[in-house]
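Here the structure comes first, spelled out in structure tokens, and everything after it is commentary.
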Amino acid sequence: MKLFVDTGDVEEVRQAAEWGILDGVTTNPTLIAKSGKGFKETVLKICELVPGGAISAEVVATDYDAMLKEALEIHSWHPQIVVKVPLIEPGVRLVKTLSGKGIRTNVTLVFSVSQALLAAKAGATFISNFVGRVDDISDDGMVAVADSVAMVHAYDFKSEILVASVRHPLHVVQAVQAGAHISTMPFKIMQMLFKHPLTDSGLQRFLKDWNDAGLSIF
Ligand code: E4P
């Protein structure tokens, strides 16, 4: 499964990229606004920090012509950019147009398998199925993920299911169990994936025993 970090903070991207396990970055208008920096400048910096990674940058218009103009502009900035498009009627039409031109897309704000079906039929590269926002309203966001993964396999769609709106490491575990292609998560959740109390206590014991014995590698 590919791991993306969900952030507009270039310092977080830099740190996650240093671990060598980062496959891409997702941004959204809220995250870019939070970064306090310009959109193009931020996205280009992120592309530089994650060579070869898929970097999602979102259109903000909601009518087809304006969305297409924005999509072509964003796409022109860097070959690693994936154009992020909301799952609305002109958005699905836009994804069809862009996929016809070989431009990669990430369809966002997807919450159901029926929405995922539309995105897949339009030729979406990634389908961002949000889980946390569904859990927040007392439903199980992961159900649509599992159904969408089954759907792309059953019908041989080329789209990859991207688990978004991840709130905690258990969502990542459930994404693996569902066979999702990608998980995107805030930097702090990615840091939490490293954590296990037995790793910490085990390492402490190894180092104590090593030092008590007066050993050295060199
Ligand atoms: C996905 O690409 C979105 O940017 C993101 O995962 C949304 O997460 P949130 O529900 O925590 O805002």
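The values are calculated or read from the model by the stated rules, or taken from the named source; none is laboratory data. Note that this is a predicted model, so its numbers are computed, not measured. Glycine gets a Cβ as well: all are built from the backbone with ideal geometry, and neighbour counts include every protein chain shown. Each accessible area value is taken on the protein alone, full model and side chains, heavy atoms only, with ligands, DNA and RNA left out. Shrake-Rupley method; radii C 1.70, N 1.55, O 1.52, S 1.80 Å.
Heavy-atom accessible area, probed at 1.4 angstrom with all protein chains present, ranks Ser128, Ser138, Ser112 as Ser138, Ser112, Ser128, highest first.
Would any residue of segment 155-171 have its amide N under 14 Å from a label point 7 Å out along Cα→Cβ of Gln15? List them or say none. Taking a point 7 Å out along Cα→Cβ of Gln15, no residue of segment 155-171 has its backbone N under 14 Å. Each 5 Å bin from 0 upward holds the following percent of the Cα-Cα pairs of segment 112-218: 2, 12, 19, 16, 12, 9, 6, 5, 6, 5, 4, 2, 1.
Legend: translational diffusion of segment 56-98 by Stokes-Einstein, Rh = Kirkwood radius over C-alpha pairs, 37 °C, 0.692 mPa s; D = 327 µm²/s. The value given for the chain is a Kirkwood hydrodynamic radius of 18.3 Å, derived from the mean inverse Cα-Cα separation. For the peptides 85-97, 170-182, the ranking by mean Cβ contacts within 10 Å, running from highest to lowest, is 85-97, 170-182.
A crude spin-label estimate for the pair Leu203 and Asp63, with each label 7 Å from Cα along the Cβ direction, gives 5.6 nm. Between Ser216, Ser165, Val60, the Cα set farthest toward the positive side of the dipole of the chain (charges on each charged residue's Cβ, about the Cα centre) is that of Val60.
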